Amino acid sequence: MTTGLAHAAQRAGVQFSAQSVGGMFGLYFANRVPTSFAEVMACDKEAFNRFFHRMLDAGVYLAPSAYEAGFVSAAHSAADIDRTIALAAEAFAA
């Protein structure tokens, strides 16, 4: 999922990176995945908030803070993930 989100952001020209371990993922509005507390704090939190609210309005419930992890589980189908990436592409384009 994180790869699809990153590609959608790149196509829209949005500074964004993401990483995942197992079902856990982090989203960052920065050119690369942060590796320190200072880099996390330098991410564009306003961009995260705009993205979060666009996704929420579209019915995708992400963690409400730029500092929280998200989780994908067996309850999420491939169609759910594809829909999330498509909606994210629309949010990035906006």
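Just so it is clear, none of the values below were taken in a lab; they were calculated from the coordinates. Just so it is clear, the model here is predicted, and its values are computed rather than measured. Virtual Cβ from ideal backbone geometry, glycine too; neighbours counted across all protein chains shown.
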**Request:** Collect the residues in the range 40-94 that are β-branched (V, I, T) and within 18 Å of G23 (Cα to Cα), keeping them in residue-number order.
**Result:** V60, V72, I81, T84, I85
**Prompt:** Do you know which residues across the range 7-28 are farther than 13 Å from E68 by Cα and either of a type in the set (A, V, I, L, M, F, W, C) or part of a strand (DSSP E or B) (or both)?
**Reply:** A8, A9, A12, V14, F16, S17, V21
**Request:** Tell me which residues, restricted to the range 43-93, are part of a helix (DSSP H, G or I) and among the charged types (D, E, K, R).
**Result:** K45, E46, R50, R54, D57, D80, D82, R83, E90
**Prompt:** Does the range 1-13 hold any residues that are surrounded by 17 or more Cβ atoms within 10 Å (Cβ to Cβ) and either among the charged types (D, E, K, R) or more than 19 Å from R83 (Cα to Cα) (or both), and which are they?
**Reply:** none
**Message:** Can you go through A63, A75, A38 and tell me which one is surrounded by fewer than 16 Cβ atoms within 10 Å (Cβ to Cβ), touching a strand residue (DSSP E or B) at 6+ places or on another chain (Cβ under 7 Å) and free of Cβ contacts under 8 Å to residues at least 12 places away in the same chain?
**Reply:** A63
**Asked** What are the residue pairs meeting all of these: first residue in the range 19-34, first residue more than 17 Å from F92 (Cβ to Cβ), second residue surrounded by 17 or more Cβ atoms within 10 Å (Cβ to Cβ) and of a type in the set (F, W, Y), Cβ atoms under 9 Å, and 6 or more apart or on different chains?
**Response** Q19/F25; Q19/Y28; P34/Y28
